[in-house]
């Protein structure tokens with residue numbers, strides 16, 4: 001149906017911005033679902049913290065927050081991604097900003113699809129899925 005990309009954090013550029021319109025629907029199709037309406041919102045640590053506090057009751061920064069909406073017509077939701085936190089992660093994990101930003105984007109989409117990551121086994125599965133999609137689509141920004 002529709003993928004909308006909102007780039008609110010102008011401090012960072014998103015080099016794969018144009019790729020998202022093909023990449024996200026293909027990922028969803030690989031998972032055997034259909035695209036409904038998804039908003040990808042690239043923002044900053046301040047907004048992510050506010051969302052985390054207000055809606056999830058967590059008082060800390062995170063890299064991605066996904067809100068799933070059940071419209072019975074595909075995968076629907078909002079994915080808020082902190083470019084600031086992705087930059088911090090990239091430094092910590094010794095990878096490029098673009099690679100990390102794409103990884104957290106994939107992570108958010110996987111949450112919309114239904115994958116969880118609160119237990120160690122789920123985290124491991126999520127990481128394998130992230131790695132798979134980074135490799136599958138031959139995207140390497142390192």
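The values are calculated or read from the model by the stated rules, or taken from the named source; none is laboratory data. Remember, predicted model here, so these are calculated numbers, not experimental data. We place every Cβ from the backbone using ideal geometry, glycine too, and count neighbours over all the protein chains shown.
List of remarks:
- Unmet criterion (only one of (1) more than 18 Å from residue 19 (Cα to Cα); (2) surrounded by 12 or more Cβ atoms within 10 Å (Cβ to Cβ); (3) modelled with pLDDT under 95) for residue 137: (1)
- Answer residue from the stretch 52-96, given it is out of contact with any helix residue (DSSP H, G or I) (no Cβ under 7 Å at 6 or more places or on another chain) and touching a residue at least 40 places away in the same chain (Cβ under 8 Å) and is surrounded by the fewest Cβ atoms within 10 Å (Cβ to Cβ) among those: 73
- Tallying residues that are at pLDDT 95 or above and exposed (fewer than 12 other Cβ atoms within 10 Å of the Cβ) within the stretch 114-134 yields 6.
- Long-range neighbours under 8 Å by Cβ, at least six apart or interchain, first residue closer than 20 Å to residue 34 by Cα within the stretch 114-142, second assigned to a loop (DSSP other than H, G, I, E, B) and modelled with pLDDT of 95 or more: 126/115; 126/116; 126/117; 129/115
- Failed item, numbered, when residue 46 is tested on (1) surrounded by fewer than 19 Cβ atoms within 10 Å (Cβ to Cβ); (2) in contact with a helix residue (DSSP H, G or I) (Cβ under 8 Å, 6 or more places away or on another chain); (3) within 18 Å of residue 11 (Cβ to Cβ): (2)
- Matching residues in the stretch 1-20 - criterion: being surrounded by 13 or more Cβ atoms within 10 Å (Cβ to Cβ) and within 14 Å of residue 109 (Cα to Cα): 3, 5, 20
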